[in-house]
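The values are calculated or read from the model by the stated rules, or taken from the named source; none is laboratory data. Here the structure is a predicted model, which means the values were calculated and not measured. As a convention, Cβ positions derive from the backbone with ideal geometry for all residues, glycine included, and neighbour counts pool all protein chains shown.
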């Protein structure tokens, strides 16, 4: 039994939630100061809005293995939608290494990572990039999965290597360094 699915979702004051019921499924739309998101919920999960307490809760339509698997997932996705339109999500990346740097060209990110050519990264729709310095990248957006996936693509350009730690890493990520060769 999912304990995550049972938790209520608090809706902030500035967020508006609309539920539309169809014959086989439900559609949830969330509007807030950062934008609006919508998602079609699985037919096995029912979402209910308590307007007095300003909370959302989900229920299972039937008790099967698939329903139990979708129960917690759907609750997390809806909670991320509410958080995304109210406060948004951020990922920070740090670049370390001599000559490694990032720069913006319009909305595109250009990475100079020691290759023979600069790497151009085009952000997906809804993701904004800001540079605090040439070695600090901040990604922000409304959808957690889109922001996280784009951050992972940037990190894949030059992942941190285990001997000197050079490359692109998430802020706060610890890189376990190996011992190098010892001379005789």
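For residue 47, the conditions (1) in a strand (DSSP E or B); (2) more than 23 Å from residue 152 (Cα to Cα); (3) touching a residue at least 40 places away in the same chain (Cβ under 8 Å) are fulfilled apart from (3). The test for being out of contact with any helix residue (DSSP H, G or I) (no Cβ under 7 Å at 6 or more places or on another chain), farther than 30 Å from residue 161 by Cβ, touching a residue at least 40 places away in the same chain (Cβ under 8 Å) and assigned to a helix (DSSP H, G or I) does not hold for residue 17.
Checked against the criterion of being under 30 Å from residue 165 (Cβ atoms), at pLDDT 90 or above and in contact with a strand residue (DSSP E or B) (Cβ under 8 Å, 6 or more places away or on another chain), the candidates 29, 96 yield just one match: 96.
Looking at 169, 151, just one residue is closer than 20 Å to residue 99 by Cα and either in contact with a strand residue (DSSP E or B) (Cβ under 9 Å, 6 or more places away or on another chain) or not in a strand (DSSP E or B) (or both), and that residue is 169. Looking only at residues in the stretch 63-106 that are touching a helix residue (DSSP H, G or I) at 6+ places or on another chain (Cβ under 9 Å) and within 30 Å of residue 117 (Cβ to Cβ), the one that is surrounded by the fewest Cβ atoms within 10 Å (Cβ to Cβ) is 90.
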